[in-house]
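*Asks:* Sending over a structure as structure tokens; questions will come in a sec.
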Amino acid sequence: MGDIKRTNVGSRLSDMAVFNGVVYLAGQVPEDVTLDMEGQTKQVLGIIDSLLKEAGTSKERLLMVQIFVANIKEFDQMNKVWDQWVSKENAPPRATIEARLANPDYKVEIIATAAI
């Protein structure tokens, strides 16, 4: 059994855990909550790109993505950014759920799992 490596460990959560060739990302949220849905989605996907790179992998190796949106009426705006970002040849299984997010100014939160 291998060791678990955690990144940006806080008292409540870590941004990422790597175990047995798989990277598990915590829910990633935007840093700038003044952005619209497209801006927040782009920012979150950029954070995910950075974390995956730090783990030694990329979006082409995503295994599963869960997207939480505060308002399902903004689903199309989120998908506009997603469609430009996602690897067309390697699109992962994905779920999108409308949910009340921890900060009322968050429009999107994304959880991802990827192979290393």
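The values are calculated or read from the model by the stated rules, or taken from the named source; none is laboratory data. Here the structure is a predicted model, which means the values were calculated and not measured. Methodologically, a virtual Cβ is constructed for each residue, glycine included, from the backbone with ideal geometry; neighbour enumeration extends over all protein chains shown.
*Asks:* Only one of (1) surrounded by 15 or more Cβ atoms within 10 Å (Cβ to Cβ); (2) of a type in the set (D, E, K, R); (3) in contact with a strand residue (DSSP E or B) (Cβ under 7 Å, 6 or more places away or on another chain) is not met by GLU38, so which one is it?
*Replies:* (3)
*Asks:* Which of the following residues is closer than 15 Å to ALA115 by Cα and in contact with a Leu (Cβ under 9 Å, 6 or more places away or on another chain): ALA70, ALA91?
*Replies:* Answer to the check: ALA91.
*Asks:* For the stretch 102-116, give me the residue count where each residue is part of a loop (DSSP other than H, G, I, E, B) and within 14 Å of the chain's Cα centre (by Cα).
*Replies:* Number of matching residues: 2.
*Asks:* Same structure again: Among residues belonging to the stretch 1-31 that are assigned to a loop (DSSP other than H, G, I, E, B) and within 12 Å of the chain's Cα centre (by Cα), point out the one that is surrounded by the most Cβ atoms within 10 Å (Cβ to Cβ).
*Replies:* Going through the qualifying residues, I end up with PRO30.
*Asks:* Right, here's the next one. Say whether the condition of being over 13 Å from the mean Cα position of the chain (by Cα), at pLDDT 95 or above and outside any helix (DSSP H, G or I) is met by at least one residue in the stretch 37-55.
*Replies:* There is no residue in the stretch 37-55 that is over 13 Å from the mean Cα position of the chain (by Cα), at pLDDT 95 or above and outside any helix (DSSP H, G or I).
*Asks:* Same structure again: With respect to ARG100, determine if the residue is without any contact (Cβ under 8 Å) to a residue 60 or more places away in the chain, among the charged types (D, E, K, R) and crowded, with 18+ Cβ neighbours inside 10 Å.
*Replies:* Criteria not met by ARG100.
*Asks:* In addition: In this structure, is ALA70 of a type in the set (Gly, Ala, Ser), surrounded by 12 or more Cβ atoms within 10 Å (Cβ to Cβ) and either in contact with a His (Cβ under 7 Å, 6 or more places away or on another chain) or within 19 Å of ASP36 (Cβ to Cβ) (or both)?
*Replies:* Judged against the criteria, ALA70 is a match.
*Asks:* Related question: Across the stretch 16-40, what is the total count of residues that are out of contact with any helix residue (DSSP H, G or I) (no Cβ under 6 Å at 6 or more places or on another chain) and of a type outside the set (Val, Ile, Thr)?
*Replies:* Result for the stretch 16-40: 13.
*Asks:* Counting only residues that are surrounded by 14 or more Cβ atoms within 10 Å (Cβ to Cβ) and either assigned to a loop (DSSP other than H, G, I, E, B) or in contact with a strand residue (DSSP E or B) (Cβ under 7 Å, 6 or more places away or on another chain) (or both), how many does the stretch 77-90 have?
*Replies:* Number satisfying all stated conditions: 2.
*Asks:* Of the numbered conditions (1) polar (S, T, N, Q); (2) part of a loop (DSSP other than H, G, I, E, B); (3) in contact with a Ser or Thr (Cβ under 8 Å, 6 or more places away or on another chain), THR34 satisfies every one except a single condition; which is it?
*Replies:* (3)
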